[in-house]
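Undergrad: Below is a structure I'd like to ask you about.
Every read-out reported here was derived from the displayed coordinates using simple, explicitly stated rules and does not represent laboratory data. Note that this is a predicted model, so its numbers are computed, not measured. A quick note on method: Cβ atoms are made from the backbone with ideal geometry, for glycine too, and the neighbour counts reach across all protein chains shown.
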Amino acid sequence: MAAAFAAVRRFGNLLIPRLTASSNLGLNLRPMSAFTQEEASKASPEEAPGHSYESLRVTAAQKHVLHVQLNRPEKRNAMNKAFWRSGLQILEACLHEEAGAGALGIDLMDMASDLLQPTGDDSARISWHLHSLLTRYQETFSVIEKCPKPVIAAIHGGCIAPAPHSGNGLDLITACDIRYSTRDSFFQVKEVDVGLAADVGTLQRLPKVIGNQSLVNELAYTARKMMADEALESGLVSRLFPDKESMLDAAFTLAAEISSKSPVAVQSTKINLIYSRDHSVMESLNYMKSWNMSMLQTKDIMKSVQAAIEKKDLKTVSFSKL
């Protein structure tokens with residue numbers, strides 16, 4: 001199991017815990033266990049082998065953790081064409097072996113030819129081209145939600161969707177499972193200010209995340225800023241921190257805590273939470289029955305129960321890679 005971990009600095013960084021081999025995992029019901037805090041404090045970035053991208057820098061932040069950074073500081077780390085190619089490759093890897101995530105921001109200047117001057121001999125062909133283009137852009141964020149591994153977003157600075165040399169932050173974080181933020185962060189649905197409607201996830205996911213259609217409408221129609229305190233109150237983020245360092249420490253600790261659990265249990269939980277969000281209670285209960293009639297056969301249950309009976313430290317339980 002892996003918890004995919006996204007850290008955002010004005011549309012910049014992604015940190016991604018990856019579990020590509022079995023490890024000593026345990027069940028600890030304390031808010032944050034001592035052993036995960038110790039693991040989080042040992043972060044020492046190393047170059048991640050097999051990850052070389054034009055617009056992204058990937059390092060090993062700590063054991064089982066990848067740190068993915070959008071490597072375009074001169075453009076405030078905004079997404080460009082190269083990102084949409086390489087970012088999706090990393091994201092799709094999350095569905096198979098390693099955890100993955102994308103990055104934040106869209107460079108409208110770099111993307112102008114595709115968005116404002118699409119190819120095609122007539123309206124039908126231009127529309128077909130744009131449909132294909134938007135499908136690829138949407139999938140870059142949807143694949144985060146499809147990833148069975150939990151994704152944690154850590155936001156500091158502006159989280160906007162979109163504006164020239166910025167944006168698409170809300171599209172990414174609303175596809176994540178857990179969101180942390182610093183107190184100086186703000187959130188903005190900016191599309192109406194650049195003459196378009198948000199089209200890669202914000203309008204579809206934000207209402208489900210905060211559960212307040214009136215507030216979503218206000219934000220989307222006016223492009224006003226939502227400050228960090230309001231984001232916490234509305235449920236967009238679950239915790240606020242005074243600075244980037246304390247937030248990242250907490251996010252790393254949370255990622256380590258999640259990754260210590262049974263991968264069958266955690267990933268099954270995410271899949272069923274998302275299914276339940278989009279279906280009725282009865283449909284979701286029926287789906288859960290079909291799901292667990294196979295997942296209940298996991299050895300992880302017996303390992304955990306046996307450790308509890310023998311009063312062993314549950315962090316010594318080793319779960320097989322999923």
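Undergrad: For Thr316 paired with Lys225, estimate the spin-label separation in nm (one decimal), with each label point 7 Å from Cα along the Cα-to-Cβ line.
TA: Taking the two extended label points, one gets 5.3 nm.
Undergrad: Amide H neighbours of Phe241 under 5 Å, counting only residues 5+ apart in sequence or on other chains, H built in-plane at 1.01 Å?
TA: For Phe241, whose amide H was placed from the backbone, the distant partners under 5 Å are Ser181, Thr182, Arg183.
Undergrad: Exceeding 32 Å between C-alpha atoms, which entries from my cross-link table qualify? They are Lys149/Lys312; Lys146/Lys190; Lys244/Lys311. Working shown, then result.
TA: On the way: Lys149/Lys312 27 Å; Lys146/Lys190 25 Å; Lys244/Lys311 38 Å.
In this structure, Lys244/Lys311 exceed 32 Å between Cα atoms.
Undergrad: Give a residue-ordered list of calculated ³J(HN,Hα) values for the range 286-293 (Karplus: 6.51 cos²θ - 1.76 cosθ + 1.60, θ = phi - 60°; whole Hz; x for Gly, Pro).
TA: Result, ordered by residue: 5, 5, 4, 4, 5, 5, 7, 5 Hz.
Undergrad: By average Cβ neighbour count within 10 Å, what is the ranking of 292-305, 176-189 from highest down? Kindly include the intermediate steps, with their values, before the conclusion.
TA: On the way: 292-305: 13.6, 176-189: 22.4.
In descending order of packing, they fall as 176-189, 292-305.
Undergrad: Beyond 18 Å, how much of the Cα-Cα pair distribution for the range 264-319 remains, as a whole percent? Each step should come with its number before you reach the end.
TA: Values: 689 of 1540 pairs.
Beyond 18 Å sits 45 percent of the P(r) for the range 264-319.
Undergrad: How high is the FRET efficiency between Val305 and Val281 when r is their beta carbon distance and R₀ equals 41 Å, given to the nearest 0.05? All intermediate terms of the calculation are to be shown ahead of the outcome.
TA: On the way: r = 29 Å, r/R0 = 0.71.
So the FRET efficiency works out to roughly 0.90.
Undergrad: Would you mind putting 215-222, 151-158, 260-267 in packing order, based on average other-beta-carbon counts within 10 Å, highest first? Show your work: numbers first, answer last.
TA: Values: 215-222: 16.0, 151-158: 26.8, 260-267: 21.2.
In descending order of packing, they fall as 151-158, 260-267, 215-222.
Undergrad: Would you mind computing, in nm to one decimal, how far apart the modelled labels at Ser246 and Lys289 are, each placed 7 Å from Cα along Cα→Cβ?
TA: 4.9 nm
Undergrad: Return the long-range amide H neighbours of Gly158 (sequence gap of 5 or more, or a different chain), with a cut-off of under 5 Å between placed amide H atoms.
TA: Here Arg10, Phe186 satisfy the definition.
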